[in-house]
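What follows is a short report on a single structure.
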Amino acid sequence: MYLETWNKIRDRFEIEEEYDPPTFGDAAEKLSQYFDHLLRNDSSRLMNGLYRIDVKEELVKEAFALGSIEDIADTLARLALRREWEKQKMRERWSNL
């Protein structure tokens, strides 16, 4: 299911690079690198993407309190993947009713 989650994230953030992560951790690492790039070059695109996938604002604020860009990017990547995974689980649950 993490590949479906990864592909949703790719679509939401318009990531053009083809990559099929072998594990959830690899997906998080790749997304963290992309978020690091966005934090340095296009933070409004990052924030808009997080808003679109409905990452809670208080969790985003907590991530920004971490200090280093690498830590922020890593935390935001994991939050985004977790939120998209939660949404995928809900879609599956409701489609089975």
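Read the figures in this text as sums done on the coordinates, not as results from a lab. Predicted, not measured: the structure shown is a model, and the values here were computed from it. Don't worry about glycine lacking a Cβ; one is built from the backbone with ideal geometry, like all the others, and counts go over all protein chains shown.
Points worth noting:
- 10 Å-binned pair-distance histogram of the range 1-42 (Cα, whole percent): 29, 60, 11, 0
- P(r) tail, the range 58-97: Cα-Cα pairs separated by more than 14 Å, 54% of all pairs.
- Distance-filtered residues of the range 40-56 - backbone nitrogen under 14 Å, label point 7 angstrom along Arg82 Cα→Cβ: 55-56
- The alpha carbons of the range 16-97 give a radius of gyration and a Dmax of 13.5, 44 Å, in that order.
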